[in-house]
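K.L.:
Let me begin by handing over the structure; questions about it come next.
None of the figures in this text is laboratory data; all of them are computed from the coordinates on show. From a predicted model like this one, the values you see are computed outputs, not experimental measurements.
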Amino acid sequence: MIEIPLVDLRAQHEQVADEVADGWAEVLKTTAFINGPQVARFESEFAAYQEVPHAIGVGNGTDAIELALRALGVGHGDEVVLPANTFIATAEAVARCGAAPVLVDCTDDTLLIDVDQVASVTTSRTKAVVPVHLYGQAAPVELLHGLPVVEDAAQAQGARRNGVAVGGLGVAAATSFYPGKNLGAYGDGGAVLTTSDAIAESVKLLREHGSPRKYEHPVLGFNSRLDTVQAVVLSAKLRRLEGWNQARRAAARRYTDLLASVERVRTPVVLGGNLPVWHLYVVRVPDRDRVLSRLHAAGIGAGVHYPTPLHRTGAFAHLDGSFPIAETSAAELLSLPLFPEITESQQTRVVEALAEALR
Ligand SMILES: Cc1ncc(COP(=O)(O)O)c(C=O)c1O
């Protein structure tokens with residue numbers, strides 16, 4: 001039985017339970033399940049938190065990437081550059097626009113996109129790059145010159161790079177409110193963040209059947225809205241997010257201290273200029289699969305993010321190329337339990353079990 005989970009959503013829910021119940025009672029009373037006033041309220045709170053003028057709620061994080069790219073004009077025949085080591089959604093969103101995903105490797109220390117490789121794959125068809133703020137730390141977006149940047153900020157709500165909040169590092173950013181995210185809903189949800197009025201207007205049209213007004217559809221759109229009940233949850237959680245992210249930072253520091261004396265473990269590296277939010281605490285170990293099953297047997301809910309680089313999945317097997325760091329690291333990655341409420345004694349147990357598994 002898993003005694004220390006990878007994430008503990010129940011502990012988080014207990015803190016917002018009353019607010020969510022009151023908010024949902026209001027939604028049930030008014031029955032404004034779609035486009036209720038709570039959605040616009042959350043959007044403006046979230047935009048303020050991420051320090052950008054626009055946050056547009058959508059159905060999920062994958063849609064957020066797709067709609068941001070479409071708002072930028074990405075479509076058939078275009079190419080979009082992204083890292084080989086990310087959740088499959090980053091590439092799915094590109095492919096769903098009709099564009100071709102073009103992969104680059106990551107750097108060995110941070111596992112963030114290797115920005116130095118982007119220039120070598122850029123062609124006249126390249127319309128954008130989607131750096132992924134993996135595990136909660138920002139990619140060095142300022143080193144990507146000449147291409148529009150759509151940040152994949154699904155794992156990085158509240159993270160900063162050189163003092164600037166993610167979401168404002170490129171022309172647009174996409175985030176996910178999947179329940180296990182730092183800011184998680186009670187179902188699917190996502191948002192596009194942008195400093196551009198034109199992109200914001202375009203995403204608003206696209207998410208709502210291409211419709212500025214009822215029964216007017218000047219463009220082909222989608223049905224991708226953030227539900228009112230999710231907006232209630234997200235507003236309640238957003239008020240606590242900064243504290244939760246600080247608690248994650250303290251827990252990450254504690255892991256790094258505890259693991260200093262454990263041999264054969266590579267602890268995560270934070271890129272200079274970054275203030276991470278530790279969506280995941282990912283170490284690298286030899287013989288990972290054996291270590292993982294020994295941790296599970298010891299009741300520790302460790303995970304792997306992600307076991308298969310994109311070009312090794314069936315869906316994207318046609319994206320050939322050499323991505324040696326993504327491939328080598330995929331066999332070593334191990335995510336340790338991390339959530340704001342994790343206790344010192346839980347972390348000590350995780351580290352003891354890991355040391356034992358590595359013996
Ligand atoms: C890096 C990354 N990109 C995109 C997504 C897609 O978000 P969603 O599951 O809300 O579609 C996720 C999370 O699932 C993610 O971790």
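K.L.:
Name the lysines eligible as straight-distance cross-link partners of Lys237: C-alpha to C-alpha under 28 Å, and not fewer than 8 places from it in the same chain.
P.N.:
Those lysines meeting the cut-off are Lys29, Lys181, Lys204.
K.L.:
Which value at 222 nm does the chain reach when only helices count, each DSSP H run of 4 or more adding -39,500 (n - 2.57), with the total divided by all residues and rounded to the nearest 500 deg cm²/dmol? Before the final figure, lay out the partial values.
P.N.:
Working: 10 runs with 134 residues, N = 359.
Using -39500 (n - 2.57) per qualifying helix, the result is -12000 deg cm²/dmol.
K.L.:
Let me have the relative contact order for region 9-236, percent, based on Cα pairs under 8 Å that are six or more residues apart.
P.N.:
Values: 499 pairs, mean separation 59.8, N = 228.
Result for region 9-236 is 26 percent.
K.L.:
Taking Cα pairs under 8 Å and at least six residues apart, what relative contact order does region 173-227 come out at, in percent? Before the final figure, lay out each step's value.
P.N.:
Numbers: 77 pairs, mean separation 13.3, N = 55.
Averaging sequence separation for qualifying contacts and normalising by length gives 24 percent for region 173-227.
K.L.:
Report Rg/Rh for region 118-209, rounded to two decimals, where Rg is the Cα radius of gyration and Rh the Kirkwood radius. Provide the component values of the computation, followed by the final result.
P.N.:
Working: Rg = 13.8 Å, Rh = 14.0 Å.
Expressed as Rg/Rh, it is 0.99.
K.L.:
When the chain is fully extended, how far beyond the present Cα-Cα distance does His217 get from Glu332, taking 0.36 nm per residue of separation?
P.N.:
On the way: separation 115, 0.36 × 115 = 41.40 nm, distance 4.93 nm.
Result: 36.5 nm gained on full extension.
K.L.:
Relative contact order for region 241-358 using alpha-carbon pairs under 8 Å, separation at least 6, rounded to a whole percent? Let's see the in-between values first.
P.N.:
Working: 139 pairs, mean separation 43.0, N = 118.
Reported as a whole number, the value is 36 percent.
K.L.:
Quick one: P(r) of the chain from all Cα-Cα pairs, 10 Å bins, percents rounded to integers, in order of increasing distance.
P.N.:
Computed distribution, short to long bins: 6, 25, 33, 25, 11, 2, 0.
K.L.:
What's the Kirkwood radius of region 1-103 in Å, using all Cα pairs?
P.N.:
On the way: mean 1/r = 0.0589 Å⁻¹.
Radius from the Kirkwood sum: 17.0 Å.
K.L.:
Check Gly36: other-chain or 5+ apart residues with amide H under 5 Å from its amide H, H built from backbone geometry?
P.N.:
Close amide H contacts, sequence-distant or interchain: Thr228.
K.L.:
Compute for region 241-358: radius of gyration divided by Kirkwood radius, i.e. Rg/Rh, restricted to C-alpha atoms, rounded to two decimals. Show your work: numbers first, answer last.
P.N.:
Numbers: Rg = 15.3 Å, Rh = 15.3 Å.
Radius of gyration over Kirkwood radius for region 241-358 works out to 1.00.
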